[in-house]
1. Let me confirm something: among Glu58, Glu119, Glu76, which residue is touching a Phe, Trp or Tyr at 6+ places or on another chain (Cβ under 9 Å) and either at negative phi or modelled with pLDDT under 95 (or both)?
2. Condition first: assigned to a helix (DSSP H, G or I) and surrounded by 13 or more Cβ atoms within 10 Å (Cβ to Cβ). Now tell me which residues in the range 260-274 satisfy that.
3. Does Val135 satisfy the criteria of being among the β-branched types (Val, Ile, Thr), in contact with a Phe, Trp or Tyr (Cβ under 8 Å, 6 or more places away or on another chain) and surrounded by fewer than 20 Cβ atoms within 10 Å (Cβ to Cβ)?
4. Which ones in the range 187-241 are more than 21 Å from Glu30 (Cα to Cα), among the charged types (D, E, K, R) and in a loop (DSSP other than H, G, I, E, B)?
5. What number of residues within the range 8-27 are closer than 26 Å to Trp55 by Cβ and without any contact (Cβ under 8 Å) to a residue 60 or more places away in the chain?
6. Which of the following residues is over 20 Å from Ala254 (Cβ atoms), at pLDDT 90 or above and not hydroxyl-bearing (Ser, Thr, Tyr): Ile368, Ile349?
7. Please list, ordered by first then second residue, the pairs with beta carbon atoms under 6 Å, 6 or more apart or interchain, first in the range 78-106 and within 16 Å of Asp227 (Cβ to Cβ), second assigned to a loop (DSSP other than H, G, I, E, B) and of a type outside the set (Phe, Trp, Tyr).
8. Among the numbered conditions (1) over 24 Å from Phe283 (Cβ atoms); (2) crowded, with 19+ Cβ neighbours inside 10 Å; (3) in contact with a Phe, Trp or Tyr (Cβ under 9 Å, 6 or more places away or on another chain), tell me where Leu321 comes up short.
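The values are calculated or read from the model by the stated rules, or taken from the named source; none is laboratory data. Source: prediction; values computed, not measured. Because the Cβ atoms are built from the backbone with ideal geometry, glycine has one as well, and the counts that use them run over all protein chains shown.
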Amino acid sequence: MLERQFTDDQRQFRDAYRRFLADEIAPHMEQWRENGIVDRAAFRKAGALGFLMIWPDEELGGLGDTDFRFEQIIIEEQHYALVADWFAPLHSRLVGPYFTRFGSPEQQRRFLPRCASGEHILAIAMTEPGTGSNVAGIKTTAVDDGDSFVLNGSKTYISNGINADIVIVAAKTGAAQSRDIGLFVVERGMPGFERGRMLKKMGNKAQDTAELFFENVVVPKSNVLGDPTQGFRYLMEGLAEERLIGAVGFLAAAQKAFDLTVEFVSDRKVFGKSVSEFQNTQFKLADLRTKLDIQQVYVDQQVAALNAGKLTAVDAAKSKLATSELLADVVDAGVQFHGGAGFMDEYPISRMYCDARGARIYAGTSEIMKLIISRSIFSDRLEPFVDRSAY
């Protein structure tokens, strides 16, 4: 594979984070899987070492470095260490930046330091029963009441839903058929804010996913991010990075699953010889190795585009689609090459197979990604035809 471009500081950061995961996170993951939730202490330990939120300015608790390659390292190392159920990147890089993109300086000073330290845990609540990937179709409402908004509705499938102290909630502020949406910062303990059951999932057993309910929750206007009618646009801006975060993780998981499979087929004997000696094994793994390496180059290029402020929603959709589908192929092949062992929960490939199924659903399904990409194809083709008609 071509050498990947990381600075010496970034390589040192990778080594330090890898040690942190091995010492502080991996030993507890089995218990957290049984509990269905990661201990809050994990966030505080990461925060104390500067691993939780690295992009805010130092006065806000960060390291003052916004290069996404540091976050890429964090995501990759969590998958390599098999601790990806700890959704620290969701807290740190998916939700946290909403405060710097759309929040006021006062909101940043009020919320970010405690999030960077791990004292407060973040979540974002978009999905509702029946809406899925259709953000514009949400039914949760926020009615202007002078100095505040009154929030009513429910959300489901919310990652970090139980642990979260601060939830950014998307709610309609205009007519039902409009795209007038606001982003409201709901804090733990606000009257009317309740959590439902912790949802049981096919995979990611240690990651808490919950239903959230809002009944006449009074949200002061000081807790509204930006313009309360522009939340749809804000969410669309954030979704491009969210999908790249997903792509980085899906590809890292695929790389890990591939390595586990190579190790297993090298040791496993069938008919007196190693499974790795069969041409079917060699050809299948050669095909996957090629796809993994090619996709890594594309994802690394998208990270560079994000750092340069040039990542588009369409390109992020391509990466999310390609990596989630490739992950599915790799874990499926991994289970097959493991044979009966691949069906056993004690083998990491079995758990990775279950975890991987969600990759083609959350942050927009594969079908939605194809829709976004196909629209860009035909819109690009229309413009030249229009230009030609002028002659």
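1. None of the others qualify; the one that does is Glu119.
2. Result: Leu260, Thr261, Val262, Phe264, Val265.
3. yes
4. Within the range 187-241, Arg188, Asp227 meet the criteria.
5. Result for the range 8-27: 12.
6. Criteria check complete, one pass: Ile368.
7. Partner pairs satisfying both residue conditions: Phe102/Gly226.
8. Single failed check for Leu321: (3).
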